[in-house]
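The values are calculated or read from the model by the stated rules, or taken from the named source; none is laboratory data. It should be emphasised that the depicted structure is a prediction, and the values quoted were computed from it without experimental measurement. Cβ placement follows ideal geometry from the backbone for every residue including glycine, while neighbour counts extend to all protein chains displayed.
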Amino acid sequence: MAARIRELPMAAAISFAARPRSESREPSGNPNSEYRLPTYFRCKGVAERGLALVMLILASPVIGLLILLIKATSRGPGVYSQQRVGLGGRVYTMYKLRSMRIDAEASTGPVWSPPGSDVRVTPLGYWLRKLHLDELPQLLNVVRGEMSLIGPRPERPEFVALLATKIPGYLERLNVLPGITGLAQINLPPDTDLNDVRRKLVLDQQYIAVASLTLDVRILLCTLLRLCGVRGEGTIRFMGLKREVALASELSPVAKVDTPPVAPEISTPAVESWPVEVAGEINIAAQAPMAAQG
């Protein structure tokens with residue numbers, strides 16, 4: 001039976017999502033902070049870097065072939081880089097196989113992908129995304145210690161500070177390294193609005209609280225099956241990973257009234273709401289009180 005999860009009250013979210021206080025300290029975005037990863041995450045980080053190196057070597061021919069196909073079917077490079085926010089608010093460069101036109105955000109700036117089909121995605125990019133093959137270059141980020149194989153999905157700097165002000169506890173997901181895949185990613189679709197982010201945050205918090213070797217192995221196997229085209233809820237349920245998240249607002253009688261979908265609230269963030277980048281980091285110190293409330 002699928003585990004049914006409710007969005008935690010603000011007071012309970014801290015103890016549910018955070019690691020033991022005696023073991024580590026809150027990330028502050030300061031490169032000189034004394035924040036330490038929880039024990040399991042420190043141990044798995046070393047093992048994952050070695051595993052990611054082996055996987056990167058084995059996947060290199062596939063990555064090379066896909067780069068050639070991308071360059072042959074659309075204008076632009078085969079691999080593109082993008083800034084993301086990692087552990088403790090540190091900004092790093094993430095690599096992906098290009099699945100969109102090179103001018104995808106030329107007129108809009110950073111935006112979320114719209115629900116349904118995205119006209120910016122190339123025909124080949126559609127399949128790269130469907131099979132998650134565009135994520136393969138991120139194995140390099142894992143080898144470099146910037147990402148984990150499994151963890152919360154990294155977000156772009158343009159959105160982090162704004163999401164922290166909109167969603168209590170959002171910065172708690174920066175307590176661990178971001179991941180290529182994770183409990184939230186295999187259960188929920190890409191974000192299109194703030195409620196999508198809230199749902200993923202619930203699962204990110206649960207993962208941080210209960211992460212273990214057996215859980216990671218199941219998530220990794222489920223992800224590998226998706227790469228092979230084996231998809232659907234059946235696989236997730238078989239692995240014991242199915243989670244259903246119901247937000248408090250969706251449980252109220254008012255929320256049951258059918259309403260047309262609304263545009264993402266952060267599709268065009270104001271410049272003044274963007275985080276400040278200092279020496280390759282996101283300055284999240286000012287957002288710490290907000291995180292402590294969630």
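Mind listing just one residue for me: the one in region 197-214 that is surrounded by fewer than 17 Cβ atoms within 10 Å (Cβ to Cβ) and not polar (S, T, N, Q) and, of those, farthest from the chain's Cα centre (by Cα)?
Of everything passing the filter in region 197-214, Leu213 is farthest from the chain's Cα centre (by Cα).
Looking at region 39-48 only, could you name the residues that are of a type in the set (Lys, Arg) and either surrounded by 16 or more Cβ atoms within 10 Å (Cβ to Cβ) or not in a helix (DSSP H, G or I) (or both)?
Across region 39-48, the qualifying residue is only Lys44.
Please verify whether Asp134 is surrounded by fewer than 20 Cβ atoms within 10 Å (Cβ to Cβ) and at pLDDT below 95, treating the condition exactly as stated.
no
Yes or no: Ile150 over 23 Å from Leu247 (Cα atoms) and modelled with pLDDT of 95 or more?
Yes: the conditions hold for Ile150.
Looking only at region 59-85, which residues are closer than 14 Å to Val142 by Cβ and either loosely packed, with under 15 Cβ neighbours inside 10 Å or in contact with a Phe, Trp or Tyr (Cβ under 7 Å, 6 or more places away or on another chain) (or both)?
Result: Arg84, single match.
For region 155-196, which residues satisfy the criterion of being within 11 Å of the chain's Cα centre (by Cα) and among the basic types (Lys, Arg)?
If the condition is that a residue be within 11 Å of the chain's Cα centre (by Cα) and among the basic types (Lys, Arg), then Arg156, Arg173 are the ones that fit.
Going by what's in this entry, would Thr73 be described as hydroxyl-bearing (Ser, Thr, Tyr), modelled with pLDDT of 90 or more and farther than 16 Å from Arg144 by Cβ?
Judged against the criteria, Thr73 is a match.
Do we find a residue being under 30 Å from Leu136 (Cβ atoms) and either surrounded by 12 or more Cβ atoms within 10 Å (Cβ to Cβ) or modelled with pLDDT of 95 or more (or both) anywhere in region 7-17?
Yes; the residues of region 7-17 include at least one that is under 30 Å from Leu136 (Cβ atoms) and either surrounded by 12 or more Cβ atoms within 10 Å (Cβ to Cβ) or modelled with pLDDT of 95 or more (or both).
Has region 253-265 got at least one residue that is at pLDDT below 95 and under 16 Å from Ala164 (Cα atoms)?
Within region 253-265 (the criterion being at pLDDT below 95 and under 16 Å from Ala164 (Cα atoms)), the answer is yes, since at least one residue qualifies.
I'd like to check something: does region 223-237 contain any residue that is crowded, with 19+ Cβ neighbours inside 10 Å, at pLDDT 50 or above and in contact with a Cys (Cβ under 9 Å, 6 or more places away or on another chain)?
Scanning region 223-237 turns up at least one residue that is crowded, with 19+ Cβ neighbours inside 10 Å, at pLDDT 50 or above and in contact with a Cys (Cβ under 9 Å, 6 or more places away or on another chain).
Please go through region 146-166 and give me each residue that is part of a loop (DSSP other than H, G, I, E, B), surrounded by fewer than 24 Cβ atoms within 10 Å (Cβ to Cβ) and in contact with a helix residue (DSSP H, G or I) (Cβ under 6 Å, 6 or more places away or on another chain), ordered by number.
Correct list: Arg153 only.
What number of residues within region 60-77 are free of Cβ contacts under 8 Å to residues at least 40 places away in the same chain and either on the phi > 0 side of the Ramachandran plot or assigned to a helix (DSSP H, G or I) (or both)?
Of the residues in that region, 9 qualify.
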